[in-house]
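The values are calculated or read from the model by the stated rules, or taken from the named source; none is laboratory data. Note that the structure is a prediction, hence the values are computed from the model and not measured. Heads up, the Cβs are rebuilt from the backbone with ideal geometry, glycines too, and the neighbour counts pull from every protein chain shown.
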Amino acid sequence: MNRATWAGLLAILFWSTTVAFSRALSEPLGALTTGALIYTLGGLFGLIAASRQPGRLRNLLRQTKPALILCGSLFVAYMLLLYLAIGLAYSRAQVLAIGLANYLWPTLIMVFSLPLLGKRARLWLIPGILLALIGTGLAVLPEGGSGLPTLLQAESSLLPVGLAVLAAIAWALYSNLTRRWAADSESAAPLFLLVSGLAFWALRWLTGETSTWSWSLAPALLYMAIFPAWLGYQLWDIAMQRGDLPLVTAFSYFTPLLSTIISLLVLQVQPSSLLGLAAVLVTSGAVLSKLGIID
């Protein structure tokens with residue numbers, strides 16, 4: 001296993017903590033302020049690190065135009081959609097469902113690799129997609145709910161979950177297009193992170209979001225800026241460009257389970273009776289989707 005593949009595995013471990021810590025920070029700071037701080041700091045850390053290596057900053061801008069513009073737009077869209085979903089969740093319990101909805105992206109990476117990377121499919125892909133979707137549906141269903149009518153009640157708004165699904169689509173597209181257009185280029189993750197941070201600041205200014213700062217939030221903020229943000233996305237780009245894509249994606253199948261366990265511990269949420277089953281179904285769906293792809 002080469003270094004690029006190990007980079008992808010570390011990125012997945014870091015990302016498993018994103019949903020829990022983002023929600024913990026969003027409650028006092030607001031979703032937009034949280035995203036602005038995390039990704040501005042993460043982008044600056046990445047650019048400072050790049051500046052210490054001769055020629056690396058210049059190489060960041062030597063991406064092809066499709067990689068810079070389209071991949072960059074998908075990257076920013078993913079960040080905005082995910083943080084808005086987390087911030088709009090009506091409870092910490094719904095954050096767990098949002099996390100599982102967002103982690104449809106391993107399955108979607110396999111689906112989108114068919115048209116974008118020229119992969120071929122086996123029949124396993126169909127049950128894989130269905131299992132992932134059923135798992136997400138179970139996670140979204142409120143405890144004691146009676147199906148779609150309950151789900152459509154005002155307090156069980158589908159908007160945050162819908163945003164999380166759109167985020168998963170954006171990330172799956174980004175990952176495949178990075179492989180297609182930027183496989184031999186320097187990772188532009190620091191630049192994309194900084195642009196994401198600026199987009200969050202602009203939205204915060206437009207919406208007038210209010211925040212309550214406490215220095216007790218600083219450790220979690222620095223952790224998010226350094227590990228899931230700066231290092232996580234930098235390592236992921238390296239894995240998508242030069243790593244073992246099937247192996248990295250296979251490992252990512254366990255992210256829903258890891259993220260759910262960490263969220264339960266950090267947010268101290270009482271899980272619904274269906275949450276464990278939902279996480280297993282989303283993970284199983286991703287595994288079957290991988291079996292359904294011919295490399």
Would you point out which residue out of 11, 50 is under 19 Å from residue 236 (Cβ atoms) and more than 16 Å from the chain's Cα centre (by Cα)?
50
Region 208-221 residues that are free of Cβ contacts under 8 Å to residues at least 40 places away in the same chain, paired with ones that are aliphatic (A, V, I, L, M) and assigned to a loop (DSSP other than H, G, I, E, B) (beta carbon under 9 Å, 6 or more apart)
none
Among the listed residues 284, 259, identify the single one that is modelled with pLDDT of 85 or more, closer than 19 Å to residue 125 by Cα and of a type in the set (Gly, Ala, Ser).
284
Residues of region 260-277 classified as crowded, with 19+ Cβ neighbours inside 10 Å and farther than 17 Å from residue 26 by Cα, total:
4
Those residues of region 25-53 which are of a type in the set (A, V, I, L, M, F, W, C) and either surrounded by 20 or more Cβ atoms within 10 Å (Cβ to Cβ) or in contact with a His (Cβ under 9 Å, 6 or more places away or on another chain) (or both) amount to 25, 29, 31, 32, 36, 37, 38, 41, 45, 50
Which members of region 97-137 meet the condition of being of a type in the set (A, V, I, L, M, F, W, C) and over 18 Å from the mean Cα position of the chain (by Cα)?
114, 116, 117, 121, 123, 124, 125, 126, 129, 130, 131, 134
Region 67-125, subset of a type in the set (Ser, Thr, Tyr) and at pLDDT 90 or above, residue surrounded by the most Cβ atoms within 10 Å (Cβ to Cβ)
83
Name the one entry in 245, 274, 221 that is among the aliphatic types (A, V, I, L, M), at pLDDT 85 or above and out of contact with any Cys (no Cβ under 9 Å at 6 or more places or on another chain).
221
